[in-house]
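The values are calculated or read from the model by the stated rules, or taken from the named source; none is laboratory data. This is a predicted model, so every value here is computed, not measured. Glycine also receives a Cβ, built like all others from the backbone with ideal geometry; neighbour counts cover every protein chain displayed.
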Amino acid sequence: MLIMQATQAQMGSFGSLPPADIKAHINFMMTFNEKLKASGELVDAQGLAPPNEAKIVRASVSGGAPAITDGPFPEAKEFLAGYWIVECRSPEHAIEIAARASAAPGRGGVPMSIPIEVRQIGEAPKV
């Protein structure tokens with residue numbers, strides 16, 4: 001799983017990019033996803049709504065209604081902005097794919113160097 005992270009500042013500054021730069025970024029991501037799909041490596045990819053639309057749900061210890069709060073917390077430095085689930089031939093290839101995603105263009109076409117966490121999806125223990 002390739003996990004795209006962002007900060008509140010990055011999300012705010014992205015919206016202030018010139019329309020042509022936003023379009024170039026979106027076109028990059030669409031082409032990137034199409035290439036992964038064509039190679040048979042893309043399982044799923046999604047961008048996520050901004051954190052101000054997120055809710056954190058916790059089960060009630062007493063069995064009542066769950067507790068629902070806005071989230072993530074304002075002091076959180078980073079949040080999940082989107083993800084790709086890819087099926088790769090090796091962990092090294094997953095890192096290569098993540099590096100390509102990280103290079104998505106920003107202002108003036110300069111690579112944004114987006115943090116992309118690479119994490120293998122775990123398997124349930126055999127019981």
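List of remarks:
- If only residues of segment 60-118 that are touching a residue at least 60 places away in the same chain (Cβ under 8 Å) and of a type in the set (Phe, Trp, Tyr) are counted, the one that is farthest from residue 17 (Cα to Cα) is 84.
- Those residues of segment 11-20 which are in contact with a strand residue (DSSP E or B) (Cβ under 9 Å, 6 or more places away or on another chain) and either at pLDDT below 80 or surrounded by fewer than 16 Cβ atoms within 10 Å (Cβ to Cβ) (or both), in sequence order: 11
- Filter pass, residue 52 being in contact (Cβ under 8 Å) with a residue 24 or more places away in the chain, assigned to a helix (DSSP H, G or I) and over 13 Å from residue 1 (Cα atoms): no
- Criterion violated by residue 76 - all others in (1) surrounded by 11 or more Cβ atoms within 10 Å (Cβ to Cβ); (2) part of a strand (DSSP E or B); (3) at pLDDT below 95 satisfied: (2)
- Selection count, segment 37-49, where residues are exposed (fewer than 14 other Cβ atoms within 10 Å of the Cβ) and touching a residue at least 24 places away in the same chain (Cβ under 8 Å): 5
- Extreme residue, surrounded by the most Cβ atoms within 10 Å (Cβ to Cβ), among residues of segment 84-112 that are assigned to a loop (DSSP other than H, G, I, E, B) and of a type in the set (D, E, K, R): 87
- Being in contact with a helix residue (DSSP H, G or I) (Cβ under 6 Å, 6 or more places away or on another chain) and in a strand (DSSP E or B) is a description that does not apply to residue 81.
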